[in-house]
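**Q** Shown below is the structure under consideration.
What follows is calculated from the coordinates using simple rules that are stated; it is not laboratory data. What you are looking at is a predicted structure, and each value in this text was computed from that prediction instead of being measured. With ideal geometry, Cβ positions are generated from the backbone for all residues, glycine too; neighbour counts draw on all protein chains shown.
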Amino acid sequence: MKTAPIRGLAAAALALVLAAPGAFAQAVVEGRVELPKALHTPVMNKRYGIISYAGVLAPYPPVAVVYLEGSFPHPSSPPPARMVQKDLNFSPVLLPVQVGARVDFPNLDDTYHNIFSYSPAKRFDLGRYRSDERPIPSVLFDVAGLVTVRCDIHEHMRAIILVLDTPYFAVSDAQGVYRLEGLPVGRFVLKAWLDSRTTLSRPVDLNAGSALRADFP
């Protein structure tokens, strides 16, 4: 009599696995992106995290955002993120988030900041606020696209929020090396964002338990 509930749970677990055979299958993609040379050396010594040259916005020094594109379930609330203002700059200067994520903008400087964006994907203006003011301003990013973030008081401050319609993304290191883990099984498109005009892509086939090497030469 005591074993009946256990058998019932086991049967339910087996039914779940049979109903969704790929639910627990995961894959890994790793590789290297050939990063471009910096478009333009910043005028102020390493204070520009995002530089603009001939209308192109790019991270300085160069890095890539690598992400998997496909049809994925959308969580009710993607994980939140933070873009800190510290030493009169943004950190990080390049922030990928999933559509529907909320980003906090804490001010850690002993001065006012006024964070804003006029980008089509998200327009906002947080107004002037100090580090000791609460609550911390935050913004919901609900449309995919590139959002350029600026400070109305310190004109050299610039950052990019890349709003992606996928939960699978990573920022490469300074050598272009990246790794994506916990990926679903199937055929997808792998993309590497380099700057506001350049996104590379290639198809990938992901198998359960596999580790695929995918470089962007």
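**Q** Treat each spin label as a single point 7 Å out from the Cα along the C-beta direction, and report the residue 165 to residue 112 distance in nm.
**A** Computed distance between label sites residue 165 and residue 112 equals 4.0 nm.
**Q** Same structure again: Please compute the modelled spin-label separation between residue 208 and residue 130, points set 7 Å along Cα→Cβ, answer in nm with one decimal.
**A** 5.9 nm
**Q** Oh, and also: Put one equal scatterer on each alpha carbon of segment 75-217, apply the Debye formula with no solvent term, and list log10 I(q)/I(0) at q = 0.12, 0.13 1/Å to two decimals.
**A** Treating every Cα as an identical point scatterer, log10 I(q)/I(0) equals -0.56, -0.65.
**Q** ³J(HN,Hα) across segment 187-195 via Karplus (A = 6.51, B = -1.76, C = 1.60, θ = phi - 60°), whole Hz, x for Gly/Pro?
**A** Couplings: 9, 9, 10, 9, 10, 10, 8, 10, 7 Hz.
**Q** If r is the Cβ-Cβ distance from residue 156 to residue 177 and R0 is 35 Å, what FRET efficiency results, to the nearest 0.05?
**A** Details: r = 29 Å, r/R0 = 0.83.
Between residue 156 and residue 177 the formula returns 0.75.
**Q** What ranking do 198-204, 99-105 get when scored by the average of other Cβ atoms within 10 Å per residue, highest first?
**A** 99-105, 198-204
**Q** Moving on. Sorting check: for 139-150, 159-170, which peptide has the highest mean count of neighbouring beta carbons within 10 Å, and how do the rest follow? Show your work: numbers first, answer last.
**A** Values: 139-150: 17.7, 159-170: 20.8.
Output ranking for 139-150, 159-170: 159-170, 139-150.
**Q** Right, next: Spin-label point model (7 Å from Cα, Cβ direction): what's the residue 77 to residue 201 distance in nm?
**A** 3.3 nm
**Q** For segment 73-158, what is one quarter of the convex hull surface built on the Cα atoms, given in nm²?
**A** Reported value for the Cα convex hull: 5.5 nm².
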